[in-house]
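These notes concern the structure reproduced below.
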Amino acid sequence: MRTHHLKLNQLRFVVALQRRGKLALAAEEMHISQPAASRMLSEIEAAIGHSICTRNAHGVVFNELGTALAARSRRVVNEMERLGRDLTELADGRHGQVRIGAVTTAAIAYVMPASLALRAIAPRVRLQVDVEPSSTLMQRMRAGDYDFVLGRLTPGDDPGLYDVRQIGEEVVQLVVREDHPLSKREAIRFSELSSYEWIMQPPGAPIWTAISNSFHMEGARFPEQVTYTASVLLTLASLSKSDAIAPIAREPVEALRLSPLATRIVPLDTAMPTRVPGLSIIAQQDSSLSPIARKLLDLVEREVVASGARLPGA
């Protein structure tokens, strides 16, 4: 198997072919003709001594070997793109691309003000911020999609592969519509909430785990009527039309209640607070950040310290 004979452009083609699913679409993305794309696929398979996919009427289907090749090719291509980006940024210091992911709380509390500060000093920066659950963020982190992530390691992640700096916890508020039957009550116990409909993150998600633990600590029955979704928009729409209860981190709740994003929701006054620990800044252990990504990380860390959190080593 002569993988060392593969060229960078061939690795780019493998990534494009898996992503687009059709030879013609991959050829279009690579700006080559379809016959040239077919020849490139043959050259790749000849170099490794095995086929990587099968063709059918709908396109191409990657086999196990092809899937592994595509995953590693994507990492190599990303690293080469970062190399080119780093060289450009080292030349002018105010230009480049940063790709990060964050859970909602961190995006609002730290990333948003940090990105505004970065834009003021580097107006040409291309900044991508994805707001997703930690499970999605870490999946994409493993694929090499992000410079760094603000979230949590998932059970399948090897901590030794990452530089993890804990920055605190999320305070979770139970939110309802303004005229909900419980909206004026004080010191509500979880045992009083079992009979209500709930809308929350899927089982296994950090907020779901924290809420489940809160019910358990009070010896209360976990609700039977639960709609699971990670969509804040769907959650808010459902709250407005029902007596449902939704656990949402404090920062997005406060943002949603402020004008001009005013939303008719209120947090319940619960007897026991709910917290999700372990919110962290996570970066690849073996991947150095580009200068512009390093600058954004510095600005994020500044926001974390300004909020009262203490960074390890700070």
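The values are calculated or read from the model by the stated rules, or taken from the named source; none is laboratory data. In this text, all values refer to a predicted model and were calculated from it rather than measured experimentally. When we count neighbours, we look across all protein chains shown, and the Cβ atoms used for this are built from the backbone with ideal geometry, even at glycine.
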Q.
Which residue is modelled with the lowest pLDDT, if the candidates are limited to region 117-137 and must be in a helix (DSSP H, G or I) and more than 27 Å from Leu153 (Cα to Cα)?
A. Ile121
(Q) I'd like the full set of residues that are in contact with a Lys or Arg (Cβ under 9 Å, 6 or more places away or on another chain) and assigned to a strand (DSSP E or B), limited to region 149-163. (A) Val149
Q: Could you identify the single residue in Ala230, Ala237 that is under 24 Å from the mean Cα position of the chain (by Cα), assigned to a helix (DSSP H, G or I) and among the aliphatic types (A, V, I, L, M)?
A: Ala237
Q) Is it the case that region 118-126 has a residue that's buried (at least 22 other Cβ atoms within 10 Å of the Cβ) and free of Cβ contacts under 8 Å to residues at least 60 places away in the same chain? A) no
Q | One residue from Gly168, Gly144 being at positive phi and outside any loop (DSSP other than H, G, I, E, B) | A | Gly168
Q) Out of all the residues in region 148-190, which are polar (S, T, N, Q) and in contact with a helix residue (DSSP H, G or I) (Cβ under 6 Å, 6 or more places away or on another chain)? A) Thr154, Gln173
Q. What number of residues in region 93-128 are under 23 Å from Pro247 (Cα atoms) and aliphatic (A, V, I, L, M)?
A. 8
**Q.** Residue ID - nearest to Lys184 (Cα to Cα), chosen from residues in region 237-289 that are at pLDDT below 85 and of a type in the set (Gly, Ala, Ser)
**A.** Ala262
(Q) Looking at region 246-255, can you tell me whether even one residue there is in a loop (DSSP other than H, G, I, E, B) and either surrounded by 15 or more Cβ atoms within 10 Å (Cβ to Cβ) or of a type in the set (Gly, Ala, Ser) (or both)? (A) no
Q) Residues in region 256-295 that are outside the structural domain of Pro206 (by TED's automatic domain parsing) and in a helix (DSSP H, G or I): how many? A) 5
Q.
Kindly evaluate Ala24 against the criterion of being without any contact (Cβ under 8 Å) to a residue 24 or more places away in the chain and on the phi < 0 side of the Ramachandran plot.
A. yes
Q. Going by the conditions given, is Arg152 closer than 21 Å to Ala230 by Cβ, of a type in the set (D, E, K, R) and touching a residue at least 40 places away in the same chain (Cβ under 8 Å)?
A. yes
Q. Quick check: anything in region 178-198 over 20 Å from Ser212 (Cβ atoms), among the hydrophobic types (A, V, I, L, M, F, W, C) and assigned to a strand (DSSP E or B)?
A. no
Q.
Can you report the number of residues in region 264-304 which are among the small types (Gly, Ala, Ser), over 19 Å from Ala107 (Cβ atoms) and in contact (Cβ under 8 Å) with a residue 12 or more places away in the chain?
A. 3
Q. Which residue out of Ala37, Ala46, Ala102 is modelled with pLDDT under 95 and surrounded by 15 or more Cβ atoms within 10 Å (Cβ to Cβ)?
A. Ala37
